[in-house]
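This report concerns only the one structure given below.
Bear in mind these aren't lab numbers, they're just calculated from the coordinates by the rules spelled out. Because the structure is predicted, anything quoted here is derived from the model rather than measured. Quick reminder, even Gly has a Cβ in these numbers, built from the backbone with ideal geometry, and neighbours come from all protein chains shown.
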Ligand code: ADP
Ligand code: MG
């Protein structure tokens, strides 16, 4: 579903990604971790074309992101993205947050979009909050809405960038539970997170980055059992 092949990227003269290669098969869950500044957010932004790459190839469902002929907005509309900060539209009700993209981008009718939005709100346990505004909800609730909003677009895969790292501890699990359920339903997911409990539960593989390089790309048993690189061992010993 996602192929990342020999990708390098520079911000000006600073090389942020060096020769990154990995892939995520349909229905796979890959957790990306590594120290702050190692390039995790940059890599995930490159996957849906929010950041250009200077070398290498990224394809999503067979379409090359960095091919000038690719209809990037169209492809991006099929890739769900959830960020650390929930980024809901603050001036719109929750249900409006869930219908606007369906109507404006996918051309769905109001009724259909609303029905889908309500179904997704029910799924993340927030049906009763449809008419609230984002500011009236907790961080954990807002992040569940953000996931529901991404799902409203019928994504072919989901990208998460530290979706729980801005949340108070008691709200982390309510968001992770939604993500675990998604994983069990077979959604293809690339998840930047330091929640190793989540990784142990649902990841097929763990990618460890350091200084813009993919240092380790291993099955989770292997990664947690005996990471090959010293850098990953150090990292794990600090966060586990
Ligand atoms: P991570 O998500 O692993 O913490 P990032 O991908 O955010 O890492 O950042 C990797 C490196 O690139 C950091 O050194 C960061 O300072 C730098 N960086 C990130 N975004 C930009 C940008 N827009 N312009 C210049 N440098 C950036
Ligand atoms: Mg980051």
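Per-structure values
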read-out: Degrees, to the nearest 10: 139-151 long Cα axis against longest axis of the chain; value: 90
read-out: Between segment 38-56 and segment 211-240, the Cα center-to-center distance that results, in Å; value: 21
read-out: Relative packing of 48-54, 96-102, which averages over residues the other C-beta atoms within 10 Å, highest first; value: 96-102, 48-54
read-out: Whether segment 20-64 is rounded, prolate or oblate, judged on the alpha carbon gyration tensor where a/c under 1.5 counts as rounded; value: oblate
read-out: Point-to-point label distance, residue 57-residue 118, nm (Cα→Cβ direction, 7 Å offset); value: 4.6
read-out: Degrees between helix 110-123 axis and first principal axis of the chain (Cα, 0 to 90, nearest 10); value: 60
read-out: Over the chain: helical MRE at 222 nm, DSSP H runs n ≥ 4 each giving -39500 (n - 2.57), nearest 500; value: -11000 deg cm²/dmol
read-out: Footprinting exposure proxy for 106, 43 (fewest neighbouring C-beta atoms within 10 Å first); value: 106, 43
read-out: Neighbour-count ranking [beta-carbon atoms within 10 angstrom, fewest first] of 181, 174, 111; value: 111, 181, 174
read-out: Residue order, fewest to most beta carbons within 10 Å, for 239, 156; value: 239, 156
read-out: Between helix 94-104 and the chain: long-axis angle, C-alpha atoms, 0 to 90°, nearest 10; value: 80
read-out: Relative contact order computed over the chain (Cα-Cα under 8 Å; 6+ residues apart), in percent; value: 27
read-out: Three-way shape call for segment 89-130 based on the alpha-carbon gyration tensor, with the a/c threshold at 1.5; value: oblate
read-out: Global geometry of segment 1-153, whether rounded, prolate or oblate, following the gyration tensor of its Cα atoms and the 1.5 cut on a/c; value: prolate
read-out: Sequence ranges 83-90, 129-136, ranked by mean other-Cβ count within 10 angstrom, highest first; value: 83-90, 129-136
